[in-house]
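Trainee: The structure follows.
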Amino acid sequence: MMFKHNFKKVLSATAFAVALVVAPAANVSAATNDASSTQQSATATSQDQQASQDQAASQSSAANQSSATAASASSSTSTSSATSTSTVKKTTKKAKKTTKKSKKKTSKKKAVKKVAKKTTKKRATKKAAEAAAKKAAAVKKAAAKKAAAAKKAAAKKAAAKAAAKKKAAAKKKAAAKKKAAAKKKAAAKKKAAKKSAEKAAKYWIAMRESSGYYTARNGSCYGRYQLLISYLGGDLSKKNQERTADRYVYGRYGSWVNAKRFWLAHNWY
């Protein structure tokens, strides 16, 4: 906009200078024509009226004065033309300087704008990179958190499974222990019952054989269980009688209960 305005000013100044040069030239031409016409008139008057020489001389003097004036005007026009040319040059130089300055200012503005644009782009890129890094970190953190939660859940599940397994094992062990105890108890009870039955059968036979006396004797039989004296081996003590009787019954019948059963069937054992 500044360049166009200055260019218009230069054109206006140039037109003005040309006008100044052309106008004096037109005036000189007109003056020359007037002088020529005056001289012709003076000559004619001199031929026709010689008596008017003084007037012709006066007119000639006026013509000479007009010629001098025209010369002066021509000189003034030349000076004015030179001045106008100098003004035009100065104006043109100033316009060029202004244009150059305007171009330099525009170039500087463009450079600043380019740098600003580059800086803005760089900042935007940096901001985008930071946002991407932040997002990646958030995703990584969420994934780690999810993995930790999954690991914790798996550990909890494994612990629960192990606890259940341990509880089941303890329960099974307790059941087995209880069963073993019951079995042992039953066996003990059975054993006690058997022992009791054995004791009762042994006592029953002793009562039938000797009424329970260790010194009872019937022929070659002696003692509480009426064993052959030869079985006792010369030892008639109570302890030897008990030991010998048990050895005889368990060896022959397997138990006192079986011996009693045999006794009941045969009235002896």
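Trainee: Return yes or no: is Lys195 open to solvent by 60 Å² or more (accessible area, probe 1.4 Å), in a helix (DSSP H, G or I) and within 30 Å of Arg261 (Cα to Cα)?
Mentor: Criteria met by Lys195.
Trainee: Open to solvent by 90 Å² or more (accessible area, probe 1.4 Å) and either at pLDDT 75 or above or not in a helix (DSSP H, G or I) (or both), is that true of Lys101?
Mentor: no
Trainee: Let me ask you something else. Can you find a residue that is part of a helix (DSSP H, G or I) and in contact with a Ser or Thr (Cβ under 7 Å, 6 or more places away or on another chain) anywhere in the range 170-177?
Mentor: Of all residues in the range 170-177, those part of a helix (DSSP H, G or I) come to 170-177.
Now narrow it down to the ones that are in contact with a Ser or Thr (Cβ under 7 Å, 6 or more places away or on another chain): none.
No, the conditions are met nowhere in the range 170-177.
Trainee: Of the residues Lys117, Lys146, Lys89, which is out of contact with any Leu (no Cβ under 9 Å at 6 or more places or on another chain), assigned to a helix (DSSP H, G or I) and modelled with pLDDT of 85 or more?
Mentor: Lys146
The values are calculated or read from the model by the stated rules, or taken from the named source; none is laboratory data. This one's a predicted model, so the numbers in the text were calculated from it and none came from an experiment. Note that each Cβ is placed from the backbone with ideal geometry, even for glycine, and that neighbours are counted across all protein chains shown. These area figures cover heavy atoms from the full protein model, side chains too; ligands, DNA and RNA do not enter into them. Shrake-Rupley method; radii C 1.70, N 1.55, O 1.52, S 1.80 Å.
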